[in-house]
Amino acid sequence: MKVFSNSETFDYSWEEVSTANWRKYCPWNQKSTHVIAVDTLSRTVDPQTGILRTERLITCRQSAPEWLKSILGVNMEESQVLETSYVDPSQKTVTMVSANLTWSNLINVQETVVYKPLNEHQTQFTQDAKITALCGGWQRIKNSIEDTLVKRFRENAIKGKEGFESVLAMSRAVFAEEREREKMMLIRDQVHNIRLAS
């Protein structure tokens, strides 16, 4: 088993990050083009805790090295991941746990991501992935498979941060425009009411 760990700080509030997280794989993110579909399977709110629990099926398209395809004997162009997320508004945490569904009899990937506030204006992101090659054979082959997947996680983490930063920036701009529009509508309504009263 190999482990990939990553930690980043986003200069956005937890509220901004937890809201933008749902748009992470949208057209605003030019770095996540490998994600070709996100399907929400279920969404519930626990009435006691207020925790929002969401299950999503994420479909990705990424090519694998030819040597890995030949060892595993499968087409590795498309894969599916089951993501279960928990948004806890009282503790201000977003926790996402994901596992690969595709090739799970050959490779097991368990990932946990947590967003939590550092302060009013910054959010901490932590990511841990445990990667285990389950295929029989020499330990050297298993190690090569796991090392390749750790390298892919590292590459995707860099792209992921850049892409999510663009989603956060766009979300902030869109919400600012919406607040300004609502403010202008409120002023217009107040002016209209003053004219009616005179």
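The values are calculated or read from the model by the stated rules, or taken from the named source; none is laboratory data. Remember, predicted model here, so these are calculated numbers, not experimental data. As a convention, Cβ positions derive from the backbone with ideal geometry for all residues, glycine included, and neighbour counts pool all protein chains shown. These area figures cover heavy atoms from the full protein model, side chains too; ligands, DNA and RNA do not enter into them. Shrake-Rupley method; radii C 1.70, N 1.55, O 1.52, S 1.80 Å.
Some notes on this structure:
- Extending 7 Å from the Cα toward the beta-carbon at both residue 173 and residue 150 defines two label points whose distance is 3.9 nm.
- Spin-label proximity, residue 8 to segment 164-198 - amide N less than 17 Å from point 7 Å beyond Cα toward beta carbon: 164-172
- Anchor residue 92: lysines whose Cα lies under 20 Å away (excluding residues fewer than 8 positions away in-chain): 24, 116
- Segment 1-55, dipole about Cα centre (Lys/Arg Cβ +1, Asp/Glu Cβ -1), debye to the nearest 20: 240
- Computed from backbone phi with θ = phi - 60° and the Karplus coefficients 6.51, -1.76 and 1.60, the 3J(HN,Hα) list for segment 43-60 is 8, 9, 10, 6, x, 7, 9, x, 6, 8, 10, 10, 10, 10, 9, 10, 10, 10 Hz; x is used for glycine and proline.
- Listed by chain and number, the lysines whose alpha-carbon sits under 21 Å from that of residue 151, ignoring those within fewer than 8 places in the same chain, are 2, 31, 69, 130, 142, 159, 161.
- The phi torsions of segment 175-191, fed into the Karplus equation with coefficients 6.51, -1.76 and 1.60 and a -60° offset, translate into couplings of 5, 5, 4, 5, 4, 5, 5, 5, 4, 5, 5, 5, 5, 4, 5, 5, 4 Hz, rounded to whole numbers, with Gly and Pro shown as x.
- Spacing of the two label points (7 Å from each Cα toward its C-beta) at residue 15 and residue 141, in nm: 5.5
- The residues of segment 89-198 have, on average, 64 Å² of accessible surface per residue, using a 1.4 Å probe with all protein chains present.
- Our helix-only sum for the chain, with -39,500 (n - 2.57) per DSSP H run of n ≥ 4 divided by its residues, gives a mean residue ellipticity at 222 nm of -13000 deg cm²/dmol.
- Residue 37 long-range amide H proximity, modeled H, under 5 Å: 59
- Theoretical gain in end-to-end length, residue 184 to residue 92 [0.36 nm per residue, Cα-Cα removed]: 30.0 nm
- Calculated Rg and Dmax of the Cα atoms in Å (choose from [x] 21.3, 88; [y] 17.1, 58; [z] 17.0, 54), label: [x]
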